[in-house]
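Note sheet for the following structure.
Every number here is computed from the coordinates shown, using simple stated rules; none is lab data. Since the model is a prediction, treat every value here as computed from it, not as a measurement. Methodologically, a virtual Cβ is constructed for each residue, glycine included, from the backbone with ideal geometry; neighbour enumeration extends over all protein chains shown.
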Ligand code: BES
Ligand code: ZN
Ligand code: ZN
């Protein structure tokens, strides 16, 4: 996609279409008035006559019949100016772009007026995210024709800065697309080995990769990861991505849950009254977010930091070999774990990967991410990911980022009570609490048991946003969304250097 900027008047734009946002108010804006004049008052007339009210997201298409060069004008309602939120604006713009993506239009201008630079970046991202398709397995592919987007702005900007913003936005979107493609693959194709080989694909200089199979994992002592893999015919893997610039001042770790299918294991997921196994091919969305982030790292080449990405990956299956409720294992860091519920498997594979990278690479900051709990969806719905951690300052920075972004984070607490509930009668820890309440928090508390208090640690539960079973909004459609990629890239780009 070619993304450019222009401060020309609409009336002299040469694109095939123009998305023209308008507020619901008695008066048209100065710019819209100009277009209206050239169009013989058509815009003001259809609004006055009530053929169109610019409610938020409401679209109305008019043709210019050569009165101006742009052929198709897509009026996009923004509702009342006072009531418009960032989110509402992103939703509206992306739905208009999604509409254009379904037509034969190749070049489209979008009027954005005067916006802060970070908002412009988000606007470009949500626009491109709305054009995502997953049609690998469709005989007839409905490809997007649109290949030229022109953002029309008002005011003064440094053109080079704008180009940099567009470039960064495209890198982020490419990473999100990559993560979405991985999440949307069915589990018969995307096995743990295939997931590790996808990570290998992006491991080009200066990124290195090591992939460990089950024999090595046994020698390394990652019994929790192996316990989950027991019921599967597919071999578990641990992929370690290592971005290591020549000079670096600190090391950070990123760990993603890579369950390529979660049946629940012996504690089988119920399929009635709702089919809770559906969509569980996307239970590797955390791993996908890490791989996507490394794709972006390979292009952005951040200075002075070494970044370790760990992807523990396996299926959670049921068979004669599966682990059973009550089984006890030795984790990599030495603590023993009683697996009371085999469906709480994400925390097991993350725990081993977290202790492995802490011991081997000594990162000063770690983020782990994954589709950990249905409880997080119950608490926060599908818009917000749950964020937990042991350093409030770091969490605050992530929350501040999310305020501006279209990826929403909400903090949930962890305290001693939750840790107390994880005490086992037979082992050091049990993998679930004693009741269903607060299960997202208990999962975070379990993970914290594997974190050295000296390490700054953040846990992000993306169960809600990563897997959308219903269409939500144009930039987060049905299926895998690539949730977390934007947050992780911004963490590396904006939080770590400051
Ligand atoms: N992969 C699931 C969590 C999940 C559920 C993600 C729905 C996305 C949509 C996870 O492994 C799981 O099964 N968690 C259990 C934990 C429970 C046994 C404490 C859950 O949430 O029910
Ligand atoms: Zn599970
Ligand atoms: Zn799971």
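Averaging sequence separations of C-alpha pairs under 8 Å and six or more residues apart, then dividing by the length of the chain, give the relative contact order as a whole percent.
15
Ranking request for peptides 85-93, 32-40: highest mean number of other beta-carbon atoms within 10 Å first, then the rest in descending order.
In decreasing order of mean packing, 85-93, 32-40 become 85-93, 32-40.
How high is the relative contact order of the stretch 271-406? Use alpha-carbon pairs under 8 Å, at least six apart in sequence, and give a whole percent.
Once normalised by length, the contact order is 21 percent.
Equivalent ellipsoid semi-axes for the stretch 1-80, as square roots of 5 times the alpha carbon gyration tensor eigenvalues: give them largest first, rounded to whole Å.
The equivalent ellipsoid of the stretch 1-80 has semi-axes of 20, 15, 12 Å.
If you take the square roots of the eigenvalues of the alpha-carbon gyration tensor of the stretch 345-446 and sort them as a ≥ b ≥ c, do you get rounded (a/c under 1.5), prolate (a/b over b/c) or oblate?
Here the stretch 345-446 falls in the oblate category.
Given the stretch 53-179, what percent of its DSSP beta bridges are antiparallel, to the nearest 5?
Counting DSSP beta bridges with both partners in the stretch 53-179, the antiparallel share is about 45 percent.
Taking every DSSP beta bridge with both residues inside the chain, roughly what % is antiparallel (nearest 5)?
40
Please sort 467-477, 451-461 by packing, taking for each peptide the average over its residues of neighbouring beta carbons within 10 angstrom, highest first.
Ranking, from highest mean packing down: 451-461, 467-477.
Given 0.36 nm per residue, what is the gain on full extension from residue 424 to residue 71 after removing their alpha carbon distance, in nm?
120.2 nm
Please report Rg over Rh for the stretch 201-341, where both radii come from the alpha carbon positions and Rh follows the Kirkwood definition.
1.04
What span do the alpha-carbon atoms of the stretch 403-460 cover on each of the three principal axes, reported in whole Å from largest to smallest?
46, 29, 15
Taking 45 Å as R0, compute the FRET efficiency from the Cβ-Cβ separation of residue 494 and residue 359 and round it to 0.05.
0.95
Once you sort the root eigenvalues of the Cα gyration tensor of the stretch 48-127 as a ≥ b ≥ c, which label holds: rounded (a/c under 1.5), prolate (a/b larger than b/c) or oblate (the other case)?
oblate
Report, largest value first, the span of the C-alpha coordinates of the stretch 284-365 along each principal axis, in whole Å.
Extents along the principal axes, in whole Å: 47, 25, 15.
How far, in degrees from 0 to 90, does helix 439-448 lean away from the longest principal axis of the Cα atoms of the chain, to the nearest 10?
Compared with the principal axis, the helix lies near 60 degrees.
Averaged over every viewing direction, what's the projected area of the C-alpha convex hull for the stretch 135-210? Give it in nm², one decimal, please.
8.1
Quick one: helix 159-184 against the long Cα principal axis of the chain, what's the angle to the nearest 10°, folded into 0 to 90?
The angle comes out at about 50 degrees.
Would you mind checking the tilt of helix 285-300 against the longest principal axis of the Cα atoms of the chain, expressed as 0 to 90 degrees and rounded to 10?
60
Kindly state, to the nearest 0.05, the FRET efficiency for residue 61 paired with residue 324, given R0 = 60 Å and r defined as their beta-carbon distance.
So, using R0 = 60 Å, E works out to roughly 0.50.
Expressed as a rounded percentage, what relative contact order does the stretch 382-498 have, with Cα pairs under 8 Å and six or more residues apart?
In percent, rounded to a whole number, it is 32.
For the stretch 222-280, compute the orientation-averaged projected area of the C-alpha convex hull (one quarter of its surface), in nm².
6.2
So what's the gap between the Cα centers of the stretch 214-236 and the stretch 35-114, to the nearest angstrom?
55
What translational D, rounded to a whole number of µm²/s, comes out for the chain from Stokes-Einstein when the hydrodynamic radius is the Kirkwood one over Cα pairs, at 25 °C and 0.890 mPa s?
In µm²/s, the coefficient rounds to 103.
Going highest first, how would you order 381-388, 21-28, 339-346 by mean Cβ packing within 10 Å?
Packing order, densest peptide first, comes out as 339-346, 381-388, 21-28.
Between residue 392 and residue 148, what is 0.36 nm times their sequence separation minus the Cα-Cα distance? Round to one decimal in nm.
Going from the current span to full extension adds 83.6 nm.
How big is the shadow of the Cα convex hull of the stretch 1-143, averaged over all directions, in nm²?
About 9.4 nm², averaged over all directions.
Across 5 Å bins from 0, what is the distribution of all Cα-Cα pair distances for the stretch 409-498, in whole percents?
Distribution as computed: 2, 11, 17, 16, 17, 14, 12, 7, 2, 0 percent.
For the stretch 136-289, rounded, prolate or oblate, judged on the Cα gyration tensor with a ≥ b ≥ c (square roots of eigenvalues), a/c < 1.5 rounded, else prolate if a/b > b/c?
It is oblate, given that a/c is not under 1.5 and a/b is not larger than b/c.
Once the piece of chain linking residue 244 and residue 301 is laid out straight, how much longer is it, given 0.36 nm per residue of separation minus the C-alpha distance between them?
Gain on extension, residue 244 to residue 301, equals 19.6 nm.
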